[in-house]
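The values are calculated or read from the model by the stated rules, or taken from the named source; none is laboratory data. Because the structure is predicted, anything quoted here is derived from the model rather than measured. Please note: Cβ atoms are built from the backbone with ideal geometry, for glycine as well, and neighbour counts cover all protein chains shown. Accessible surface areas use protein heavy atoms only, side chains included; no ligands, DNA or RNA. Shrake-Rupley method; radii C 1.70, N 1.55, O 1.52, S 1.80 Å.
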Amino acid sequence: MINNFDLNDYPLWTALVTPFSESGEVDYTALEQLVAEQQDANNGILLLGSTGEGLALSLKEQQAIVEHVCQLAPSVPLMVAVGGMNLKQQVAWVEYCNQLPIHGYLLGSPLYAKPGVVGQTHWFESLLDASNHPCMLYNVPGRSAVEISPQVIKNLAEHRNLWALKEASGDISKFEGFRTASPTLAIFSGDDALMPYFAQAGAKGLVSVAANAWPSQTHEFVKRSLSGQYPNLFTDWSQAIQSLFAVANPIPVKVLMHLQGKINTPHLRPPLTHLELEQTDSITHANNTILSWN
């Protein structure tokens with residue numbers, strides 16, 4: 001039975017990493033522990049996003065991960081990422097996941113092709129039509145090479161399954177354009193560092209990388225940001241987040257989680273590698289600082 005979660009009750013969603021063994025296989029024991037940590041912090045869980053290296057996994061691995069986490073029946077909602085550039089395959093993925101006890105989808109912009117407003121509208125509308133659950137669109141031009149324009153949001157504003165937008169362009173000024181296009185759309189920061197600014201602009205919350213390493217502390221920071229009570233933590237937070245993005249995500253956070261003992265290896269799927277992070281002093285210092293909050 002699927003729990004009837006109100007997804008807006010979860011201002012923090014953790015873009016969960018995918019832990020690997022020494023041989024490069026998915027480490028399901030570590031995955032269970034990570035899910036339990038997020039559940040304890042009352043954070044929503046996003047599976048197979050870019051932080052979860054979703055596109056570096058085979059379809060069988062993707063299916064196995066989602067099925068495994070569903071079988072754990074966590075007491076927090078599950079969102080599954082939908083990403084790629086083949087619409088037929090992505091619709092099939094949504095239809096597969098519709099059969100499982102999940103609660104939402106993160107719909108990424110089509111990769112590489114750089115479609116315009118008409119093509120993007122068709123892409124998202126097709127996925128929204130296929131979904132049985134609320135959907136969060138994902139604006140991340142740094143990865144997709146194309147921006148979601150406010151016009152696309154306006155075109156889709158009345159769709160029954162359009163719930164939210166994850167805004168990760170790095171430009172806080174775009175918030176107002178999306179808000180004007182769809183006043184009722186829930187907008188989430190896709191950038192840990194910008195959460196306080198998004199909160200001031202009226203965001204609903206954060207889809208976070210940092211919450212992998214610091215589940216409860218990130219939850220508290222988001223809570224304080226949304227209530228305007230973050231100033232005494234802001235400098236520490238900014239410096240810590242900078243260390244988590246010193247090289248491509250999710251390299252630093254997986255290295256840190258290995259140092260914390262949360263995962264057994266820092267391994268990633270090629271072309272990413274933990275060897276890219278040549279020194280760990282910054283993330284170790286950040287970890288000590290954030291963990292001192294409580």
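In segment 15-65, the qualifying residues are those that are part of a helix (DSSP H, G or I) and among the small types (Gly, Ala, Ser), and the one that is farthest from LEU106 (Cα to Cα) is ALA30. Suppose we keep only residues that are within 18 Å of the chain's Cα centre (by Cα), over 17 Å from ASN8 (Cβ atoms) and of a type in the set (Gly, Ala, Ser) within segment 151-173. Which one would you say is modelled with the lowest pLDDT? Only one residue fits best here, namely GLY170. Tally up the residues in segment 66-85 that are in a helix (DSSP H, G or I), open to solvent by 20 Å² or more (accessible area, probe 1.4 Å) and either among the hydrophobic types (A, V, I, L, M, F, W, C) or modelled with pLDDT under 95 (or both), please. Total meeting the criteria: 1. Residues in segment 41-57 that are open to solvent by 10 Å² or more (accessible area, probe 1.4 Å) and hydrophobic (A, V, I, L, M, F, W, C): 5 in all.
So that you can scan it fast, the table gives a plain yes or no per residue for (1) outside any helix (DSSP H, G or I); (2) within 18 Å of SER208 (Cβ to Cβ); (3) open to solvent by 10 Å² or more (accessible area, probe 1.4 Å); (4) touching a strand residue (DSSP E or B) at 6+ places or on another chain (Cβ under 8 Å):
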site	(1), (2), (3), (4)
LEU137	yes, yes, no, yes
ILE153	no, no, no, yes
HIS159	yes, no, yes, no
GLY177	no, no, yes, no
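Taking the listed residues GLN63, GLN89, GLN38, the one that is in contact with a helix residue (DSSP H, G or I) (Cβ under 9 Å, 6 or more places away or on another chain), buried (at least 20 other Cβ atoms within 10 Å of the Cβ) and either small (Gly, Ala, Ser) or at negative phi (or both) is GLN38, with no other qualifying.
All conditions but one from (1) basic (Lys, Arg); (2) in a loop (DSSP other than H, G, I, E, B); (3) modelled with pLDDT of 95 or more apply to LYS88; the one that does not is (2).
Among residues of segment 236-250 being over 11 Å from ALA286 (Cα atoms) and out of contact with any Ser or Thr (no Cβ under 8 Å at 6 or more places or on another chain), the one that is most open to solvent (accessible area, probe 1.4 Å) is PHE245. As for segment 204-220, it holds no residue that is more than 26 Å from ALA36 (Cα to Cα) and in contact (Cβ under 8 Å) with a residue 12 or more places away in the chain.
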